[in-house]
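The values are calculated or read from the model by the stated rules, or taken from the named source; none is laboratory data. Please read all numbers here as calculations on a predicted model, not as lab measurements. In this analysis, Cβ positions are derived from the backbone assuming ideal geometry, glycine residues included, and neighbour counts consider all displayed protein chains. All accessible areas refer to the heavy atoms of the entire protein, side chains included, with ligands and DNA or RNA removed. Shrake-Rupley method; radii C 1.70, N 1.55, O 1.52, S 1.80 Å.
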Amino acid sequence: MTFDFLFRPNHTAYLRRAAALLEEAQMARIEHQAAAEHHSALARMYAERVRRLENELYRQPQGAAHGAAGLAAEAGSADERPQLYSLDGSRKPGLTSAS
């Protein structure tokens, strides 16, 4: 009878442990949800970057197809369209991603 208290289940300790595990699981869910939102934003950013770089790399010079008039039209459209990231060094000074 002296060891009877050791082998009896302690429901209060079990409930405290279950509550601690529940809180830990909820915190892990919140952390992973925040990380998922962060990774989703990064994926959108990189998809946009890929699109911009592909446009930059695979853009055909219109001047060769349309002569001098095509070059003038391309120069006019390039002034209207902001290039935030340009491989050919024609980035307009003062432009930021916020504009």
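Listed values, structure above:
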{"item": "E54, E24, reordered so the largest accessible area comes first (probe 1.4 Å)", "result": "E24, E54"}
{"item": "Neighbour net charge for R29 - beta-carbon separation under 13 angstrom, K R +1, D E -1", "result": "-4"}
{"item": "Carbon plus sulfur fraction of accessible area for the stretch 7-59, probe 1.4 Å, in percent", "result": "61 percent"}
{"item": "Summed side-chain charge close to V50 - residues other than V50 whose Cβ falls under 12 Å, Lys, Arg +1, Asp, Glu -1", "result": "+1"}
